[in-house]
Amino acid sequence: MTDPSLPTGERKAATVRSLFERIGPRYDLVNRLLTFGLDVGWRRRAIRDLHLPPGSRVFDLACGTGDLCRELQRAGYRPVGFDFAFGMLEHARTEAPLVQADALRLPVADSSADGVTCGFALRNVVSLADLFGELGRVVRSGGAIALLDASRPDNPVLRAGHRVYFEHAVPVIGGLLSDHDAYSYLPKSMAYLPPPEEMLALLRAAGFPAARRLQLSGGITQLFVGVRA
């Protein structure tokens, strides 16, 4: 159940935009430190699991400063990044085209993407059902998705350790290096994510019938992949 203290609807959208507008300058540095560099491997794994031919057009949603766009280009794809926080886009380090836009209302035609990636932003959208519906609209038949987000390990020992780090250390480190409010929100925002089975059901209903979930690095990160029917 979502924490009742967390914002919802348009208030959530405004809160998320405000937080991410502020953390662009040191976003990449803080990500590397907080994940001990593991986030680089998670992104590369997501891209490998697209299994698309070179030259495919891939939309990266909530692209931030362009980490996934850079990796997509290295893999031979043609990325386009979308983010609704201009403060992130102005600090982007990528040659890919970038568009300021809401991931729930992409300014593109139906079936215009061969694939879609999204890195650690599922919990930040106002409606997962609407996001997945938009994926079903913009991804062509036979196209692929690879969506990353944080998770909690199934193993009770790992889960306990992860909880201490994520809920206590992350806000302190993020606050010292960047913005305390933003990195205090990060662990709390996990409450927005429904159970994995529910997320998979939403993806399948949106047109990705074989969608599946993979656990990475002991379960601290999850990857949802699927092919458009």
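The values are calculated or read from the model by the stated rules, or taken from the named source; none is laboratory data. Quick caveat, the model's predicted, so the values are computed rather than measured. So basically every Cβ, Gly included, is an ideal-geometry build from the backbone, and we count neighbours across all protein chains shown. To get the accessible areas, we keep the full protein, side chains included, count just its heavy atoms, and leave off ligands, DNA and RNA. Shrake-Rupley method; radii C 1.70, N 1.55, O 1.52, S 1.80 Å.
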- Cβ-Cβ under 8 Å pairs, at least 6 apart or on other chains, region 175-192 side at pLDDT 90 or above, far side open to solvent by less than 20 Å² (accessible area, probe 1.4 Å) and outside any helix (DSSP H, G or I): Lys188/Leu6; Ser189/Leu6; Met190/Ala150; Ala191/Leu6; Tyr192/Leu6
- Message: Anything in region 127-164 that is of a type in the set (Lys, Arg) and over 26 Å from Leu72 (Cβ atoms)? List them, or say none.
- Response: Arg152, Arg159, Arg163
- Item | Hits in region 180-217 - residues which are part of a helix (DSSP H, G or I) and open to solvent by 50 Å² or more (accessible area, probe 1.4 Å) | His180, Asp181, Lys188, Glu197, Glu198, Ala201, Leu202, Arg204, Ala205, Ser217
- Task: Please tell me if Asp154 is among the acidic types (Asp, Glu) and either more than 27 Å from Ser217 (Cα to Cα) or part of a helix (DSSP H, G or I) (or both).
- Result: no
- Taking the condition among the hydrophobic types (A, V, I, L, M, F, W, C), outside any helix (DSSP H, G or I) and either out of contact with any helix residue (DSSP H, G or I) (no Cβ under 6 Å at 6 or more places or on another chain) or open to solvent by less than 30 Å² (accessible area, probe 1.4 Å) (or both), does Ala169 pass? no
- Message: Just to be sure I understand, how many residues within region 124-144 are touching a helix residue (DSSP H, G or I) at 6+ places or on another chain (Cβ under 6 Å) and either aromatic (Phe, Trp, Tyr) or crowded, with 21+ Cβ neighbours inside 10 Å (or both)?
- Response: 3
- Message: Suppose we keep only residues that are acidic (Asp, Glu) and within 19 Å of Leu128 (Cα to Cα) within region 66-105. Which one would you say is most open to solvent (accessible area, probe 1.4 Å)?
- Response: Asp102
- Pull up region 38-65, narrow it to residues that are within 18 Å of Leu98 (Cβ to Cβ) and part of a loop (DSSP other than H, G, I, E, B), then point me to the one that is most open to solvent (accessible area, probe 1.4 Å). Ala62
- Note on the structure: A careful count of residues in region 143-162 that are out of contact with any strand residue (DSSP E or B) (no Cβ under 7 Å at 6 or more places or on another chain) and of a type in the set (Val, Ile, Thr) gives 1
- Message: Tell me yes or no: at least one residue of region 3-15 is among the hydroxyl-bearing types (Ser, Thr, Tyr), outside any helix (DSSP H, G or I) and exposed (fewer than 14 other Cβ atoms within 10 Å of the Cβ).
- Response: yes
- Could you list, in sequence order, all residues of region 81-102 that are assigned to a strand (DSSP E or B) and under 15 Å from the mean Cα position of the chain (by Cα)? Gly81, Phe82, Asp83
- Query: Can we say Ser111 is part of a strand (DSSP E or B), polar (S, T, N, Q) and modelled with pLDDT of 95 or more?
  - Reply: no
- Only one of (1) in contact (Cβ under 8 Å) with a residue 12 or more places away in the chain; (2) surrounded by fewer than 23 Cβ atoms within 10 Å (Cβ to Cβ) is not met by Gly115, so which one is it? (2)
